Structure formats: C-alpha cells, structure tokens
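Here is the structure we will look at, set down as structure tokens.
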Number of protein chains: 4
Amino acid sequence: MTELPTFGAGIWHFATYKDRYATDGYGPEVGLLEQIDRAGAVGDLSVVDLNYPFVGFDGTLDDVRAALERNGLRAIAITPEIYTRDFVKGSLTHPDPAVRKQALDLLHEATGVAKELGCDYVKLWPGQDGWDYPFQVDYHDAWQLALDGLTELVSAHPEIKFVIEYKPREPRIKIIFPSVARTLLGIEKIGLPNLGILLDFGHSLYGQETPADAAQLAIDYGRLFAIDVNDNLRGWDDDMVVGSVHLIETFEFFHTLRKNNWQGVWQLDQFPFREDSVQAARQAITFLKGVHRALDVLDVEALAAAQARHDALAAQRIVQRALLPNLLDD
Amino acid sequence: MTELPTFGAGIWHFATYKDRYATDGYGPEVGLLEQIDRAGAVGDLSVVDLNYPFVGFDGTLDDVRAALERNGLRAIAITPEIYTRDFVKGSLTHPDPAVRKQALDLLHEATGVAKELGCDYVKLWPGQDGWDYPFQVDYHDAWQLALDGLTELVSAHPEIKFVIEYKPREPRIKIIFPSVARTLLGIEKIGLPNLGILLDFGHSLYGQETPADAAQLAIDYGRLFAIDVNDNLRGWDDDMVVGSVHLIETFEFFHTLRKNNWQGVWQLDQFPFREDSVQAARQAITFLKGVHRALDVLDVEALAAAQARHDALAAQRIVQRALLPNLLDD
Amino acid sequence: MTELPTFGAGIWHFATYKDRYATDGYGPEVGLLEQIDRAGAVGDLSVVDLNYPFVGFDGTLDDVRAALERNGLRAIAITPEIYTRDFVKGSLTHPDPAVRKQALDLLHEATGVAKELGCDYVKLWPGQDGWDYPFQVDYHDAWQLALDGLTELVSAHPEIKFVIEYKPREPRIKIIFPSVARTLLGIEKIGLPNLGILLDFGHSLYGQETPADAAQLAIDYGRLFAIDVNDNLRGWDDDMVVGSVHLIETFEFFHTLRKNNWQGVWQLDQFPFREDSVQAARQAITFLKGVHRALDVLDVEALAAAQARHDALAAQRIVQRALLPNLLDD
Amino acid sequence: MTELPTFGAGIWHFATYKDRYATDGYGPEVGLLEQIDRAGAVGDLSVVDLNYPFVGFDGTLDDVRAALERNGLRAIAITPEIYTRDFVKGSLTHPDPAVRKQALDLLHEATGVAKELGCDYVKLWPGQDGWDYPFQVDYHDAWQLALDGLTELVSAHPEIKFVIEYKPREPRIKIIFPSVARTLLGIEKIGLPNLGILLDFGHSLYGQETPADAAQLAIDYGRLFAIDVNDNLRGWDDDMVVGSVHLIETFEFFHTLRKNNWQGVWQLDQFPFREDSVQAARQAITFLKGVHRALDVLDVEALAAAQARHDALAAQRIVQRALLPNLLDD
C-alpha cells in the first residue's frame, strides 16, 4: 500500500454549535484546549486549523502550543473570524471603511499568529461578504473591494500562503466567492503567488460543481493549496461525515488529486451537531483510509482508456471493482 | 376598499439572531418586553406569536400582558420551544421516552399559558424531529411517535387549537412534517378537530410546493388554521421581507385565501438578520396592504374564465393589470 | 443467500430518445419488437412494462406476445401514453371535457389490453397534468378533476390494479401528483382498493423525500404496489443507472422493502440516452444483486438497536460493514 | 422617455417542440419561413437568431432573406446545431477526433452563412459538451479540447464575433461552460478579442448566480456581447415568459445594463410549449417596455446611495416606487 496521507481537521469539528433555533447550543461549550484534546483523541489526526481569536480562551499562545504538542498535533492554518458580530455585513467588502480596516487589522494580527505557530497558510472564509436582497449592493464595487482588500493583505505577507474557501451561500444568502471559477478569476486578477484556494468538497457539491472537476481546474491554475472534506445532500452545506452519502464522488475527488500528484493534507470539515465528535472523525478517517486503499487497486490505465472514450459504463465497472468488489461477486 | 386584514408577527421578528458562525449574535440581545415594544412601534400589528418559555425573562405573565396592552397587541399564539438544547435529537419523536415526556410536559405547560393569555392556538414547530443521515431512524416508528405524541397533547386540550408548522428541513436535515400533504395525512389519521396547519409561505415555496395550491388543499380539508408570510430564493428558508422576490406568487396566495373567504391573520415570519426589524415589518405591511388593494381591483371573473381554460397568458394579463398597471401603460 | 427478486424494466429503457434539442433523436428509432428483444438480451429480466399505444408498431397483440415469449418475458404492466400531443395540457385534468373523455377512452382501452396480456397493473403517469405558471389553474378544480377521473377509471375495472407514479415535475413544471403524501391523500379520498402507488426511487430523491421513508409510508397505507429504480443528482429526474451515485440510499430503500416483507418486482426505469441500453441494464442488475447479497449479511438486529437510539454513527458502521467491507479492512 | 431598445428573439421561439415524453411534438411542425412570419407578426421584433442548418427547409438563403425582409427582420445571429444526433456525446469536446472535425466543419460553414446574412455574431451553445456520470471524463482533457476547438474556430474568423451561451446543464447533466465565471476563465485563457458571452437570464438564475452580478462581471471583462431573457422557477431552465415570476431581478438585470451603458438587443429565449408563441412574445415585450419605462423613473442617485450603505430596505423602497407605485399608495 502507498503511504497514507496526512489527516487533519478544523478544530471547530470538536466544538459544540449554535444555530438560530438552538441558541443555547447543541451541548455545553467546549473550550479551546479541550477541543485540541479531543482532536488528539481521534488518534489519526496530525494537523488542525485553528479559529482566531481564540474565543473564550484566556491562556497564552504557549498554552495552545503545549496542548497541540501533547496531542501530537501541529497548527496547519489559522482561520480568522471575519464572520462574527462586527462583520455580519461584511469584512473586506463592508460598506463602512472603518469596519474594513478593522477586518484587515484582525487579518494581519491573525497572520502574525499563524506565522508564530508555523502554519502553512491563513484561511480566508468571507461568509458574510456578499448580499441578501436584490438591489442591495453595487456588484462592481463589492467585487472591487474584495480584490483590493485581498491584495493589501496578501501582498503584505509574501512569506505565508493565503487560501480563499469559496462557498455559494450561508450565512450570507449570496457570498462574493461562490465557486471555484469565480475565485480563480479573482486570484488571477490579483496576481500574487501566495494566494490560492481551499476547496471544500461539500461546498463544491452543493454549488452544482463536480468536485473532481473543480479540483482539476484549481490544480491546472496552480492554485489548489488545501482541501476540506465532508458530505451533504446537495441542497445545503450539511457538513455531514465523509462518505455518508457521496462515496463515488468522494472517490473520484481523491482519484483526481492522486492523478495530479497533489500532496496536501486530507482535512475534515464536519459539523457533528448531534454526534460524538471524536467518533465522527474516526469514522470519517476509517472511510478515507479505505478510499486511499481503493485508489491503490484502481485500474488507472483501464480507467483512462474508458475516459478517453467518455465511456461512462466502462468507467463505472472499473470503479466498482475497486470500491465495491464484494458487491460484484457472484 | 374592502376592510384591511389583521396583521401579526412572530415576536422573534423583533429579536436578534445567532447562527453557527456569528455565535455572538447579529446584535445585542433584545429582551422580551423590548421585543414587544418594537412590535408595537411598527404601528400596524395587532397580534403577536410568543415563544415559550420566555427565555431570559424573569418577569411575570402580568408584565407580559401589560407590555402587550400598552402596545395595542394581543397574543394570538404561543410557540413552545421544543427545538432547543434538550430537544436537539427530537421532542415528541425523541428516542428517549424521558425526553419525550419532558417535551410533552413543556407543551402542556405552554398550552396552559396560551389559555391564560387568551390565545387562539398553540403552534407546534417540530424542527428537530426528523433525521440527518441515511439509516438513522426507523421511519415507521418515528412517524408513529409523532402521531401518538400529538394525539396525547391535542386531545387533552379540546378548548384550544393546535397548529403544525411544516417545513422540509432546518435545523434537522429532514423534518418529520415536511409538506402540506404529509401533515394533512397525519392530521387526518389523528382525527381531532382542533389540530390544523400553519402554512408558512416560504416553507411551501422552498419545499417545491405552489403555496396557493398548498393553501387550497389545507382549506379543502378544513385545516388551514393560520399562515405566515415571508420570502426566499427557493433554496432555503431565508425568511426575507415579504414581497422582496415573489410578488406574483404572494399575490396568488392571498387571492386564493380571499376566494375561499379565509378570514385569518396575515402574519409575518421574517428574520431581518442585518436589517432594522421595525422597518422590515413596516415595509412588509406596506406591501401587503398593496396586495390587499390589488385584490380589490383584480378582475376575478375574467381570471376564473381564463383559469377554466388553463390559459396562462390571459391569466397573466389580468394579474398584471391589477398588480402592475403602470408597467402596462403606453 | 436468499432467493433473488424478480427483475423488470420499462420497455422504453431499450428505446432511443428525443428531447427539445436533439429532436432527431439520440439514435435511430428502435421498434417495439426490437425493444423487447433487447430486454431479452439482458439476461436477467423477467417482466417488462409496455407503453400503449404501441407507437409505430403495426403488428398484432399476438406478435407482441410472441416476442415476449421468445425472450422469456411477461408484461407486468401497461403504461398508457396520456402525455403525448393530444394531452400536453393534461389528460384527466384537461380543461376541455372532450379531451378528458379522450383520455379516459384511451385509459379504458389500455386497461383492456393490460387484461388481455395478463398484466398485474396499469400504470398512470400524469406528467402533463398540472400547471406551469402562477394563476394558470384553479387548484381546487384541477385536483377534483384528477380524483373524479381516477374514480371513474379505477372503479370500472375492479379486477386489475392501477398505480399512480408520482413525480414533482417534467414535462409539466408542476405535476398534480408530486409526492408520496399528496398521492396517498388522493388515493385515500378515492377509497378504492385497487388504486395504489408506483414509487420511482429517483422521483422521490429528486422531490426532497427520503425514498425509504416514502416507501415505508406507502406500505403503512397498504398502497405500495410497485417500484422503479434509477439514480440522479437530486436536481432532476436524470434516470441514470442504478447505483451510479446514491448507493447508500438505494441500499436503505431495499432494506426497508425487505424489512416490511415487500415482495414486488425490482424494476428499472433508466434512460440511457448515450449508453448501450442492454449494458446499462446489466450493470444495474449486477449492482442490485450486490444489494440483495449485502442485505443478507446486514446485521439487522444491531441496526434496529442503533435506530432505536437514532444513533447515526453506529448505523453507518453497520451498513458499511455490509456494503463496503473491503474499505474497512486494515 | 428614453428611446426604446431593439427587441429580438431566437427563431425557435416560434417553432413547436418535442421532449422525451411528447415525442410527437407539442403541435404540428412549423417550417422556417412560417417561424419568421410569426416573428414578424409580433410587431415589435427587429432581429432574430436563426438555427443552422435550416432543418426541414429546402429553400435558398435568398428565400430566408426575403422572408426576413418582408417581416422587417434582420438576422442578428446564427446558432449552429451542435447538439443534435451526431453530437450527443459532444461537439468540440467529443471523444472522437472525427466528430470534433465534423463539428468544426459545421461551425465554419455556419459562420459563413452568418457572414452572408450580415449577422453580428455566431452563437455557440455546447449543450452536449460535458458529462453525465462520475468518472466519465478526464476533466483536464475535456476542458482543453473545448479551449482548443474554440481557439481554432474563433481565430479563423476575426471579422465576426462569437458568443458562448453558458448553462449549468440540459441536455447534458453537466455542461462544460456552466457559469459566467468559468466561461470568462476560458475566454481569458483563449485571449481572442472576438469571443464573448451571451448571458441568458434564466440560465444564470437557475445556476445559482445573481443575473445582475453575472452581467456586471462580464461587462467588467468587456465580454458581454449579447443577452437573452426569459424566466423560470430557479430549479430548471423553464424558458417561461419574461416577467412571469422574477420581476424584481429582471428589473435589476436591466438596471445593471443601463448603468453600464450597455447597448445591445433585448432578446427573448422563451419556449412557449403550450402557449401561442406570438402572444407569448407580445406579453414579454409589453413587460419589457414597462421595465424600460420604470428605469426612466428609477431614482438612481438615491439607489446608489442606498447601495453604498448596503441598505437593502432603502433600496427596496426606491425600487418599489419605480416598479409598483400603485401598490404603495394609501
């Protein structure tokens, strides 16, 4: 078997959640260090992505480092919280220049923390940047603000990478970076080498993309810096456990990464609202290891030949032999 | 002009909100009495629907009564909170009998409060009753629990009405009462006269229904006890301001109600996350008054004749003459 | 291994198709007898559902019988074509009484043919009965016409079954029987024992239902007379090959049927527009045999215990052990 | 009032249609010259877009010219039929080089006809170029074939424009140019000045875009060469009559065009399956004239000020005063 990939997770995987109905939360709050301990308890995780500021945490960065270390974890990324109360009408595209500056200040600060922690990248998730209603914004201006803000931020830190995690919507009804293609258009316009994409499998699926195609496109532009995986029912960003619905398309996604010799972390972005978060991560990783093993036995030459003919049925047979051999026995 | 309808709103329209990202809220918390005062400030509202328990409120029922009275408001309904932390895996369909009992206890208590306040109905919104994952529940059992729980509750209080507010999903990925037809099936099976439907226009639109058709069906079964209005982009329960997108279908919905001589309250269920809630309610009501006025001038005989031929274009001309006369002038 | 189910297919599976773009067809026309021969060539099919009239066929019923016989096939059903040119504005709900009569005449005639062929049921697919535009129809009247027409038809032929195949839309933008619950409401109102449901897995999936839940509900009402399977991307009735996307939910669907001891035919409703139709059927049946075998090894007691707790993760483990054992090996 | 725009239509608006159910068509076939006469009968149309080859037409190009002339029409574009039987597995991206050559030959020939007719552009609609199943194609290769084919075609005809009409799906389950951003990425990569976009309002709406935002983006890249309008329910390309559902967003779309001083034709792409096609066009144009008039009275300065604040409610009031003044009167 080929060497296993590195597994990671967003640290929020191990938190508890609120939504607009269960405003008292789906469980008691879980502090940052406990989240890290839970991530460590999974057993297969090597890296985590940390939100910043460390909400409700009054310890030091060294406390965080120590917690990571005792769990055998490294911070691969910082995700600045540019989507909380101050930014509900936008961060880099907020109509008020003072709030835009506040967002940039937070982003610079978070980038500093990312550097101190030795992270690979800062993740930008502009979930509040966009619009809700027809006629609410001038689209030209909103897009320009996004590009200007990103240019200012990313050009100031050439020694670290930044990734944009695109998503069609939520919490904003329309988000300014909704798709892989729109995000690549922006990135190419900005033209900086250290700005790329974090492709969230579920966002892509939900946004009417074919995730493997989206990954291929980002790779062809040299911009696929990171990925997250999860699952959903294609109508919303459900952040379900990997492999719970879309086995075939998850397999195709990782096949595409391997075919391109993409070497990044296989990272979880699940929201186990009502499930045990450690167990949810373990089952996802068990499935992902199975995907990895199935890739080892996939007949890639026969598959390439079928794809050269656009032969869907032949491709399906080849894939089922790798993924579901027991179903095909007679 | 015919007499204006009574306007109402869910009191949560005047609260602030949280979601899974802005966990610190879209604004400072607004207490119950302040919510009532905001409802009063709208100027056209006569009734409100109150959540129960009164979260974060340590006053008495008399305090609530006084606040309502000074704002010229009446409590038309109580909405028991059977979707907060204790019930995130379900209320009447929770797998644990102890939690089901806890839900029923809360529902009985809330019904008592509804009676004390002279409400017309108790609103049941089982947003956490359902499932998220394939294979998670036994569908027969889950449905039976829902019917049994409703029977026990509703039969115990023959002197007040209960309504089920159906919705396809959120917060649960699948909700046990997702559509008008499924809800009517359950209500007919239960067979109690005081159990009906609250039809939320946006839930119907989002759930691939035609809201006017859903209303007609509920009326034909004698079960349309209440309605809520709002708007969305058909892909989620956005709870946008009435009339912001679907003018024609909103007009058709109210035309259907009038044609059937339905006499209930025109009630708002909007979530103005980033807007001034009083202003959002005012604009909705301004639009609804316009709808009411346009219904007065709609040529219902010509429309009925067009519909008898299923003549979409003729119907459209008639509707546009009532709704958009200025657009048609030359 | 338990005994294999009977496999069947709609005969149109072996035709070629047109759509609004490829109006010259996705391939040369395939005559009825050739369609039957192709069905026979699959090797595992025992029954077929035949459209009526036999379009473009000038032979006799005996010719059809002979073709079926030489291929080891039986006609399980007749599907009257109440959705072609004469009926594009509706069949039983057409605004013109003369067309409604024409539809009924065709339905009676098709029922006669079904009896002559010894079919189990007549399949009613009212794909043109509904509406496209807001305000186009009076919903009460349209629904009543549907119930009246069905009553007249079904009560006239107590010795054969009729099934309604519901679908949210296409070709009509809204179809009058869009969901399992709405269809059951109508069937219960009509109250005849020989009227039931054909549940098409893809229609259910596309219509925001959980197919296993829809099946359970129809079974609980004693109305699940037949099923069709296929697959899609949840946004349209793509009629893809079974198992190409939704393995888990297909497995759950058949688990629900077995749990209820449902004994009907496993029937294909695929549209292999660009694929070899015999091969498409073979791959579907290979997958379905795998599903059948996996059901034999599914730990139903452990699954029932997990479902009694609504334990999604435990249920997932149990299902993966049956369906994907090779992925879980270490 | 400002001068009215030029109105146009795809000539297929005046044809009859087939689909996979009504394979005998929604009405008797309508020949090309009769289609042109119907377009002329609308009374407000100045230009039409013609499919090529002229299917079922055995006259000469002069016959077509004469028919256009007697109806006061000009051919603004040719739409080559690269989506009929020969191309159901793709045109420029077909797996077989011989079919790709056949597609290019047809495209060159159609371009010649477009030049002879004095058209403004050739419209490329690659509705069969894409994939249906997971693993069916190599996404890198498919995309590269699309770019290569377009480069070869477009660079050969520098004296005429070409437009790509993007669409998420149908007839292919996934189309290779699904969105404005993906299409712009391709166009920028190709880098030819005479290749742009035809933005179909309904495709944009259905593809989860905000059509006004998509238009703005294409304009900002200098690539919005043409538009089509129609309407739908956001779940499919229904090609309904303009203004039948999304009044506000249609208004926003044309406001964006005017704000950018975009001067092209307002063109209809409707499919009146069950309606009189001349009347369907007339009602669309009546509505569009109303939109044009409402734009004249829209308070663009106040709107710009509201948008600068992202003030959705203020913007809504301003828009309603222009579009629905009668609804707001007291």
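Under a Cβ-Cβ cut-off of 14 Å, what is the net charge of the residues other than D:Val55 that fall near it, where Lys and Arg count +1 and Asp and Glu count -1?
On the way: positive: C:Lys18, C:Arg20, D:Lys18, D:Arg85; negative: C:Asp24, D:Glu29, D:Glu34, D:Asp58, D:Glu81, D:Asp86.
Net charge in that neighbourhood comes out at -2.
Using Cα atoms only, what is the angle between the long axis of helix B:180-190 and the major principal axis of chain B, expressed in degrees (0 to 90) to the nearest 10?
Long axis of B:180-190 versus the principal axis of chain B: about 50 degrees.
With springs only between Cα atoms under 10 Å apart, run a GNM on chain A and tell me which of A:Thr250, A:Thr151, A:Thr111 wobbles the most.
Looking only at A:Thr250, A:Thr151, A:Thr111, the biggest GNM fluctuation is shown by A:Thr151.
Taking springs between alpha-carbon atoms closer than 10 angstrom, which of C:Glu301, C:Glu69, C:Glu29 fluctuates most in the Gaussian network model of chain C?
C:Glu301
State in Å² the accessible area per residue of the protein assembly as shown; use a 1.4 Å probe, count heavy atoms of protein chains only, and round to the nearest integer.
On the way: 40650 Å² over 1320 residues.
Here the residues of the protein assembly as shown average 31 Å² of exposed surface.
Compute the helix-to-body angle for B:61-70: its Cα long axis versus the longest principal axis of chain B, expressed 0 to 90° and rounded to tens.
Approximately 20 degrees, to the nearest 10.
Would you please classify the overall shape of the stretch D:209-330 from the alpha carbon gyration tensor, given that a ≥ b ≥ c denote the square roots of the eigenvalues, rounded means a/c under 1.5, and beyond that prolate means a/b larger than b/c while oblate covers the rest? Present the calculation step by step, with values, prior to reporting the outcome.
On the way: a/c = 1.86, a/b = 1.30, b/c = 1.44.
Here the stretch D:209-330 falls in the oblate category.
Could you name the residue in chain A with the C-beta closest to the rotation axis that superposes chain A on chain C, along with the separation in whole Å?
A:Arg234, 2
At a probe of 1.4 Å, how much accessible area disappears from chains D and B on forming the pair, both sides counted, to the nearest 100 Å²? Walk me through the numbers on the way to the answer.
Working: alone 15710 and 15710 Å², together 28560 Å².
Buried area (both sides, nearest 100 Å²): 2900 Å².
Name the residues of the stretch B:52-90 whose accessible area, probed at 1.4 Å, falls by at least 50 Å² once all protein chains are in place instead of their chain on its own?
Those are B:Arg85, B:Val88, B:Lys89, which lose 50 Å² or more relative to the chain on its own.
Go ahead and estimate [θ] at 222 nm for the protein assembly as shown from helices alone: -39,500 (n - 2.57) per DSSP H run with n ≥ 4, summed, over the residue count, rounded to 500. Please report the intermediate quantities before stating the final value.
Working: 48 runs with 576 residues, N = 1320.
Value at 222 nm, helices only: -13500 deg cm²/dmol.
Return the single residue from D:Arg293, D:Arg70, D:Arg20 with maximal mean-square fluctuation; model: Gaussian network over chain D, springs between Cα atoms under 10 Å.
In the Gaussian network model the winner is D:Arg20.
Stick to Cα atoms and the Kirkwood definition of Rh, then tell me Rg/Rh for chain D.
On the way: Rg = 20.0 Å, Rh = 20.6 Å.
For chain D, the value is 0.97.
Shape verdict for the stretch C:1-92, please, from the Cα gyration tensor: rounded (a/c under 1.5), prolate (a/b greater than b/c) or oblate.
Numbers: a/c = 1.65, a/b = 1.64, b/c = 1.01.
It comes out prolate by the Cα gyration axes.
Residues with beta-carbon under 15 Å from that of A:Asn260, excluding A:Asn260: net charge, scoring Lys, Arg +1 and Asp, Glu -1? Let's see the in-between values first.
Working: positive: A:Arg223, A:Arg258, A:Lys259; negative: A:Asp213, A:Asp220, A:Glu252, D:Asp138, D:Asp141.
Charge balance in the 15 Å sphere: -2.
I'd like the residues of the stretch D:229-245 whose 1.4 Å-probe accessible area shrinks by no less than 50 Å² going from the isolated chain to the full set of protein chains.
D:Leu233, D:Arg234, D:Trp236, D:Met240, D:Ser244, D:Val245
In sequence order, what are the phi-derived ³J(HN,Hα) couplings for the stretch C:40-49 according to the Karplus relation 6.51 cos²θ - 1.76 cosθ + 1.60 with θ = phi - 60°, rounded to whole Hz, with x for glycine and proline?
Coupling constants for the stretch C:40-49: x, 5, 4, x, 10, 8, 10, 9, 9, 9 Hz.
Run the numbers on chain B and let me know its relative contact order in percent, using alpha-carbon pairs under 8 Å that are six or more apart. Numbers along the way, then the final one.
Details: 557 pairs, mean separation 51.4, N = 330.
The value is 16 percent.
At q = 0.14, 0.20, 0.28 Å⁻¹, work out log10 I(q)/I(0) for the stretch A:123-169 with the Debye formula, treating every Cα as an identical point scatterer and leaving solvent out; two decimals please.
-0.41, -0.76, -1.15
Less than 14 Å Cβ to Cβ from D:Leu33, Lys/Arg counted +1 and Asp/Glu -1: what total charge do the surrounding residues give?
Values: positive: D:Arg38, D:Arg65, D:Arg70; negative: D:Glu29, D:Glu34, D:Asp37, D:Asp58, D:Asp62, D:Asp63, D:Glu69.
Taking every other residue near D:Leu33 into account, the sum is -4.
Provide the per-residue ³J(HN,Hα) series for the stretch C:234-242, in order, calculated from phi with Karplus coefficients 6.51, -1.76, 1.60 and θ = phi - 60°, each as a whole number of Hz, with x at glycine and proline positions.
Each residue of the stretch C:234-242 in turn: 6, x, 5, 7, 6, 6, 6, 5, 3 Hz.
Could you pull the Cα extents of the protein assembly as shown along its three principal axes, largest to smallest, in whole Å?
81, 73, 69
Using a 7 Å offset from Cα along the direction of the beta-carbon, what are the separations from C:Asp141 to the same position in each other copy, nm, ascending?
Inter-copy label distances (nm, one decimal, shortest first): 4.9, 5.0, 5.8.
Put a point 7 Å out from Cα along the line to Cβ at D:Thr2; what are the distances to that point in the other copies, in nm, shortest first?
Those separations, rounded to one decimal, come out as 4.0, 5.7, 6.9 nm.
Determine the relative contact order of the stretch D:111-230: mean sequence separation of Cα pairs under 8 Å and six or more apart, normalised by residue count, in whole percent. Numbers along the way, then the final one.
Working: 181 pairs, mean separation 30.8, N = 120.
Once normalised by length, the contact order is 26 percent.
Based on DSSP, what percent of beta bridges with both residues in chain D are antiparallel, to the nearest 5? Walk me through the intermediate numbers first.
On the way: 3 of 31 bridges.
Counting only bridges with both partners in chain D, antiparallel ones make up about 10 percent.
Kindly rank B:170-183, C:306-319 from highest to lowest mean number of other beta carbons found within 10 Å of each residue.
Details: B:170-183: 23.9, C:306-319: 21.3.
Peptide ranking by packing, descending: B:170-183, C:306-319.
Are there GluC sites (Glu not before Pro) in the stretch B:90-198 that DSSP marks as loop and that have at most 16 other Cβ atoms within 10 Å, and which are they? Mind dumping the intermediate values first?
Details: sites: B:Glu109, B:Glu116, B:Glu152, B:Glu159, B:Glu165, B:Glu188; in loops: B:Glu159.
Passing sites in the stretch B:90-198 are B:Glu159.
Work out from phi, with θ = phi - 60° and the Karplus expression 6.51 cos²θ - 1.76 cosθ + 1.60, the ³J(HN,Hα) of each residue of the stretch B:259-265, listed in order in whole Hz, and give x for Gly and Pro.
4, 8, 6, 6, 10, x, 7
Longer than 23 Å from Cα to Cα, which of C:Lys18/D:Lys115; D:Lys259/D:Lys289; D:Lys89/D:Lys174 are they? Say none if no pair is.
Table pairs above 23 Å Cα-Cα are C:Lys18/D:Lys115.
For the stretch D:7-296, give the percent of accessible area contributed by carbon and sulfur heavy atoms, probe 1.4 Å, rounded to a whole number. Don't skip to the answer; put the middle values down first.
Values: 3990 of 8130 Å².
Reported share for carbon and sulfur atoms: 49 percent.
List every residue whose amide H lies under 5 Å from the amide H of A:Thr79, counting only residues 5 or more places away in sequence or on a different chain, with H placed 1.01 Å from N in the peptide plane.
Under 5 Å from the amide H of A:Thr79: A:Leu50, A:Asn51, A:Tyr52, A:Lys123.
In nm, one decimal, shortest first: how far is the label point of B:Asp58 (7 Å from Cα along Cα to beta carbon) from the matching points in the other copies?
2.2, 9.2, 9.4
Suppose we compare each residue of the stretch C:140-158 in its chain alone and in the full protein complex with a 1.4 Å probe; which ones drop by at least 50 Å² of accessible area?
Output list: C:His140.
On C-alpha positions alone, give me the angle between the axis of helix A:312-323 and the longest principal axis of chain A, in degrees, nearest 10.
Once rounded, the angle reads 90 degrees.
The values are calculated or read from the model by the stated rules, or taken from the named source; none is laboratory data. Just so we're clear, the structure is a prediction, and the values are computed from it rather than from any experiment. Cβ: placed from backbone, ideal geometry, glycine included. Neighbour counts: every protein chain shown. These accessible areas exclude ligands, DNA and RNA; they are computed on the full protein's heavy atoms, side chains included. Shrake-Rupley method; radii C 1.70, N 1.55, O 1.52, S 1.80 Å.
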